[in-house]
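**Q** Sending over a structure as structure tokens; questions will come in a sec.
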Amino acid sequence: MTLGDLLKQHRAQQQLSQADLAEKMGIEQSYLSKLEGDRSLPSDAIFAAWLSALELSVDDVLTQLDKSYLHAKLRQLPDVHQWLREHSVQRQVHARLRTYIAVFFIAIAVPLFYLGQQALVFDDSVYEYNSPGLVMPGERPDIFYAWHRLSFPTQDEKNAFANEMIKREDRKIQLLRHYRGEQFNEPIENAPNDGFTRTYYLKKTFAEPRWQNTLMQALGLFFGVFGLVALLLELKRNKN
């Protein structure tokens, strides 16, 4: 679309005849006819009067015209030249900003994926603690493992105590994400009497992926692909 075609459309939309518009612009109708037919290019003053008569801004008009047409046909007009220069600067700023954003996404993608893969922020370790039974008030916390080192007056008493410890066995397991040492003792809620506790012993440690690490890896991949695609598109845009 040319300048003449575009402004002719606007004149028609405003239901103005050529004579009416020419009068508002202060020019001859024959000259306006040449302008609308692209048989003549307006001066900067006539271009400004044309837009003013149609109540249009430079941006309203030039954004609807092809950039190659503007450069080839209308660049000599000061208003058009200034508009093209400003938009060229804006395009460069936007292109630089898009490039920075793409590089930023790529830059954070690698460490984000690495941190998630290596579980450096959220530890994947799971600690399994076992408790053989309740520790009664006054007993040593490791009674279930240390009772056989206790002194007994007779073998019968030792055997009776051993049978009692077997009856008292009530194993519980805790899987914890944080390390609490080789063993720890904690009180029992709702126990028959006050002072009952359990001693938990570390049995084994294993790895179980956490959703946070999986999410970090997924975000790392997404940011990396997004940044790479955006950078390639920007490079392609700059070549055109």
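The values are calculated or read from the model by the stated rules, or taken from the named source; none is laboratory data. Because the structure is predicted, anything quoted here is derived from the model rather than measured. Cβ sites come from the backbone with ideal geometry, for glycine too, and all protein chains shown count toward neighbours. Each accessible area value is taken on the protein alone, full model and side chains, heavy atoms only, with ligands, DNA and RNA left out. Shrake-Rupley method; radii C 1.70, N 1.55, O 1.52, S 1.80 Å.
**Q** Using θ = phi - 60° and the Karplus relation 6.51 cos²θ - 1.76 cosθ + 1.60, list the HN-Hα couplings for the stretch 213-222 in order, rounded to whole Hz, with x at every Gly or Pro.
**A** 5, 4, 5, 4, 5, 5, 5, x, 5, 4
**Q** In addition: Give me the net charge of residue 128's neighbourhood, meaning all other residues with Cβ under 10 Å from the Cβ of residue 128; Lys, Arg count +1, Asp, Glu -1.
**A** Details: positive: 203, 204; negative: none.
With Lys, Arg at +1 and Asp, Glu at -1, the neighbours total +2.
**Q** Could I ask something else about it? Using θ = phi - 60° and the Karplus form 6.51 cos²θ - 1.76 cosθ + 1.60, what ³J(HN,Hα) does each residue of the stretch 151-159 get, whole Hz, x for Gly and Pro?
**A** Residue by residue, the stretch 151-159 yields 8, 10, x, 9, 5, 4, 5, 5, 5 Hz.
**Q** Using Cα atoms only, what is the angle between the long axis of helix 78-118 and the major principal axis of the chain, expressed in degrees (0 to 90) to the nearest 10?
**A** 10 degrees
**Q** Only loop residues by DSSP count here, and only those with at most 16 other Cβ atoms within 10 Å; note down the trypsin sites (Lys or Arg not before Pro) in the stretch 57-126 that meet that.
**A** Values: sites: 67, 73, 75, 85, 91, 96, 98; in loops: 75.
Passing sites in the stretch 57-126 are 75.
**Q** Which entry in [x] 41.7, 131; [y] 17.7, 55; [z] 20.5, 63 matches Rg and Dmax of the Cα atoms in Å derived from the coordinates of this structure?
**A** Answer by label: [x].
**Q** Another question, if that's okay. Residue 239: which lysines have alpha carbons under 27 Å from its alpha carbon, excluding same-chain residues fewer than 8 sequence positions away?
**A** Candidates past the 8-residue exclusion: 67, 73.
**Q** What FRET efficiency do you get for residue 202 and residue 146 if R0 is 22 Å and r is their Cβ-Cβ distance, rounded to the nearest 0.05?
**A** Details: r = 17 Å, r/R0 = 0.76.
Computed FRET efficiency for residue 202 and residue 146 comes out at 0.85.
**Q** Ignoring everything except DSSP H segments at least 4 long, calculate the 222 nm mean residue ellipticity for the chain; use -39,500 (n - 2.57) per segment, divide by total residues, nearest 500. Show your work: numbers first, answer last.
**A** Values: 9 runs with 129 residues, N = 240.
Theoretical 222 nm ellipticity from helices: -17500 deg cm²/dmol.
**Q** Can you pull a Stokes-Einstein diffusion coefficient for the stretch 1-119 at 20 °C (1.002 mPa s), Rh from Kirkwood over Cα pairs, as a whole number of µm²/s?
**A** Details: Rh = 17.0 Å.
Here the translational diffusion coefficient equals 126 µm²/s.
**Q** Can I ask one more? Check which residues have an amide H placed less than 5 Å from residue 134's amide H, if you skip close sequence neighbours.
**A** Excluding prolines and chain starts, which carry no amide H, the hits are 170.
**Q** Per residue, how large is the accessible surface of the stretch 115-224? Use a 1.4 angstrom probe and give square angstrom. Provide the component values of the computation, followed by the final result.
**A** Numbers: 7250 Å² over 110 residues.
Value for the stretch 115-224: 66 Å² per residue.
**Q** Continuing with this model, one more query. Each residue of the stretch 174-179 in turn: what ³J(HN,Hα) in whole Hz from Karplus with 6.51, -1.76, 1.60 and θ = phi - 60°, glycine and Pro shown as x?
**A** 10, 9, 10, 8, 10, 7
**Q** Specify the angular offset, from 0 to 90 degrees and rounded to the nearest 10, of the alpha carbon long axis of helix 44-53 from the longest principal axis of the alpha carbons in the chain.
**A** Roughly 70 degrees, rounded to the nearest 10.
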